[in-house]
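S.K.: Here you go, one structure.
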Amino acid sequence: MPTTAPSQKAFIPFVSVENMMRLVHHIGIEPMLEQLTDAIEADFRRWPSFDKVPRVPSHSLEGVIELMPTSDGEIYGFKYVNGHPQNTAQGLQTVTAFGLLAQVSNGYPVLLSEMTMLTALRTAATSALAARYLAPQNAKTMALIGNGAQAEFQALAMRAVIGIEHVKLFDIDPKATEKVRRNLEPMGLAITACSSAQAAIEGADIITTCTADKQYATILTDNMVGAGVHINAIGGDCPGKTELHPDILKRADTFVEYPPQTRIEGEIQQMEPNYPVTELWQVINGEAKGRKDASQITLFDSVGFAIEDFSALRYIRAKIKGTDFYQELDMIADPDDPRDLFGMLQRSK
Ligand SMILES: NC(=O)c1ccc[n+]([C@@H]2O[C@H](COP(=O)([O-])OP(=O)(O)OC[C@H]3O[C@@H](n4cnc5c(N)ncnc54)[C@H](O)[C@@H]3O)[C@@H](O)[C@H]2O)c1
């Protein structure tokens, strides 16, 4: 007798925001940031085995909506993500996201997950991964310019992976800086709130810029940046949206995720098409040099690439197995006879 109840094949594990937050607390945020850094590093080591395309954007006056697909031949993944810098004024997030993994062999999804939290975690883990290879030795102080949704994650990943102890903050909105201080001081990080970007970067070994503005902004000028620092620029990630004065790029050695995407979206969109860059995965694999000496300025021109989301989703999929950190979603129509989809609909009346 055909049944209208969903079969096991209909159900896909779904990680809600609530379950993602439970999982983060269960693992511990810093252990999770370290594990995510290692998961992303492992996938960067097998970079050539992935399908890679620049992400697919849909631009508007207010922001951008993007799809970020990749596959390693066994598992396919994509993330939906937006970037709307004016959203916070209306009580909305600048960046929201969700993502999916599917089996390449039959196209069936195997995971659907919230990715607003997970994007903040994976972006911070990717920053820490780049710093692992590029930051000056024994870095203890970081400047964090832009104190919005990503900020605390960035600081905690730099502590967990690099050993940062002191964070110097600047934001054009002092309320944002106060929020980061309130969140991070109880976690044992030394915090200094600064009244300018210049003051924030004084004495910093790592400078992270994570501002949101839909324009060519100049968060850092060339004269502000001293020898030997590592710049982790994550907020310039869209055509017409940058944070650094181009003169900084003339002095720095620049490291990127996927050049065809970064040339469109990153700080290097301001430079000639042949501006030299090094791919981070090659540094990790030992095929290219990372930091060469103590006076070099290194720049990680981060825009966020699909493989980082793929790694993060695979990490979540492994972590939720056998736990209650997910729900089953009735997402795939599964008729008893695969060709009788219509019959399934009629029987459900
Ligand atoms: N590279 C990546 O992988 C990646 C991932 C996620 C987000 N991002 C980008 O990171 C940026 C930050 O994201 P968010 O979610 O924290 O945004 P958010 O809107 O929550 O916070 C941005 C903060 O920047 C501040 N700001 C704006 N202009 C500034 C300036 N000139 N000087 C100092 N502060 C300034 C704002 O007041 C705000 O507090 C965005 O541009 C986003 O697109 C990049």
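The values are calculated or read from the model by the stated rules, or taken from the named source; none is laboratory data. Small disclaimer: the values here were computed from a predicted structure and weren't measured. With ideal geometry, Cβ positions are generated from the backbone for all residues, glycine too; neighbour counts draw on all protein chains shown.
S.K.: In segment 272-301, what residues are part of a helix (DSSP H, G or I), in contact with a Lys or Arg (Cβ under 9 Å, 6 or more places away or on another chain) and either under 22 Å from N138 (Cα atoms) or among the charged types (D, E, K, R) (or both)?
M.R.: Result: V283, I284.
S.K.: Looking at (1) in contact (Cβ under 8 Å) with a residue 12 or more places away in the chain; (2) within 30 Å of D334 (Cβ to Cβ), which one does Q8 not meet, given that it meets all the others?
M.R.: Only one criterion is unmet by Q8, namely (1).
S.K.: Quick one: which residue in G163, G146 is at positive phi and surrounded by fewer than 21 Cβ atoms within 10 Å (Cβ to Cβ)?
M.R.: G163
S.K.: Does segment 149-159 contain any residue that is within 12 Å of the ligand (Cβ to nearest atom), more than 20 Å from L129 (Cα to Cα), in the same structural domain as A131 (by TED's automatic domain parsing) and polar (S, T, N, Q)?
M.R.: Within segment 149-159 (the criterion being within 12 Å of the ligand (Cβ to nearest atom), more than 20 Å from L129 (Cα to Cα), in the same structural domain as A131 (by TED's automatic domain parsing) and polar (S, T, N, Q)), the answer is no, since none of the residues qualifies.
S.K.: Checking K250 against (1) crowded, with 16+ Cβ neighbours inside 10 Å; (2) outside any loop (DSSP other than H, G, I, E, B), which test does it fail?
M.R.: Here K250 meets the rest and fails (1).
S.K.: Every residue in segment 95-113 that is over 13 Å from the mean Cα position of the chain (by Cα), among the hydroxyl-bearing types (S, T, Y) and surrounded by 17 or more Cβ atoms within 10 Å (Cβ to Cβ), please.
M.R.: Within segment 95-113, the subset over 13 Å from the mean Cα position of the chain (by Cα) is 100-113.
Narrowing the set further to residues that are among the hydroxyl-bearing types (S, T, Y) leaves 105, 108, 113.
Of everything in segment 95-113, just one residue is over 13 Å from the mean Cα position of the chain (by Cα), among the hydroxyl-bearing types (S, T, Y) and surrounded by 17 or more Cβ atoms within 10 Å (Cβ to Cβ), namely S113.
S.K.: Could you go through segment 129-145 and let me know if any residue there is within 29 Å of N19 (Cβ to Cβ), assigned by TED's automatic domain parsing to the domain that holds V180, touching a residue at least 60 places away in the same chain (Cβ under 8 Å) and not in a helix (DSSP H, G or I).
M.R.: yes
S.K.: Read through the list (1) more than 26 Å from E279 (Cα to Cα); (2) near the ligand (Cβ under 10 Å from one of its atoms); (3) of a type in the set (A, V, I, L, M, F, W, C), then give the number of the only condition that A97 fails.
M.R.: (1)
S.K.: Go through segment 292-331 and give me each residue that's in contact with a Pro (Cβ under 7 Å, 6 or more places away or on another chain) and surrounded by fewer than 24 Cβ atoms within 10 Å (Cβ to Cβ).
M.R.: Passing the criteria: A294, I320, Y326, E328, D330, M331.
S.K.: Looking at segment 186-247, what strands (runs of 3 or more DSSP E) fall wholly within it and have at least 1 residues that are within 24 Å of the chain's Cα centre (by Cα) and surrounded by fewer than 18 Cβ atoms within 10 Å (Cβ to Cβ)?
M.R.: It comes to 216-220.
S.K.: Step by step: first the residues of segment 63-80, then only those that are in contact with a Gly (Cβ under 8 Å, 6 or more places away or on another chain) and charged (D, E, K, R), then the one that is nearest to D213 (Cα to Cα). Which residue is that?
M.R.: Of everything passing the filter in segment 63-80, E66 is nearest to D213 (Cα to Cα).
S.K.: Looking only at segment 136-143, decide whether some residue is aliphatic (A, V, I, L, M), under 30 Å from A190 (Cβ atoms) and within 16 Å of the ligand (Cβ to nearest atom).
M.R.: Yes, that holds for at least one residue.
S.K.: Tell me the residue from Q327, Q261 that is closer than 30 Å to M117 by Cβ and in the same structural domain as D213 (by TED's automatic domain parsing), please. Don't jump to the end; show me each part of the working.
M.R.: Details: Q327 fails: in the same structural domain as D213 (by TED's automatic domain parsing).
Going through Q327, Q261 in turn, the sole match is Q261.
S.K.: Sticking with this one: Name the strands (runs of 3 or more DSSP E) wholly inside segment 1-72 in which the number of residues that are of a type in the set (A, V, I, L, M) is 2 or more.
M.R.: In segment 1-72, the matching strands (runs of 3 or more DSSP E) lie at 11-15, 64-71.
S.K.: Considering E267, E279, which residue is buried (at least 24 other Cβ atoms within 10 Å of the Cβ), within 16 Å of the ligand (Cβ to nearest atom) and at pLDDT 95 or above? Before the answer, list the steps.
M.R.: Details: E279 fails: buried (at least 24 other Cβ atoms within 10 Å of the Cβ).
So the residue among E267, E279 that is buried (at least 24 other Cβ atoms within 10 Å of the Cβ), within 16 Å of the ligand (Cβ to nearest atom) and at pLDDT 95 or above is E267.
Matching residues to (1) more than 13 Å from the ligand (Cβ to nearest atom); (2) modelled with pLDDT of 95 or more; (3) buried (at least 18 other Cβ atoms within 10 Å of the Cβ):
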residue	(1), (2), (3)
S16	yes, yes, no
T37	yes, yes, yes
V53	yes, yes, no
L61	yes, no, no
D72	yes, yes, no
G77	yes, yes, yes
L121	no, yes, yes
S127	no, yes, yes
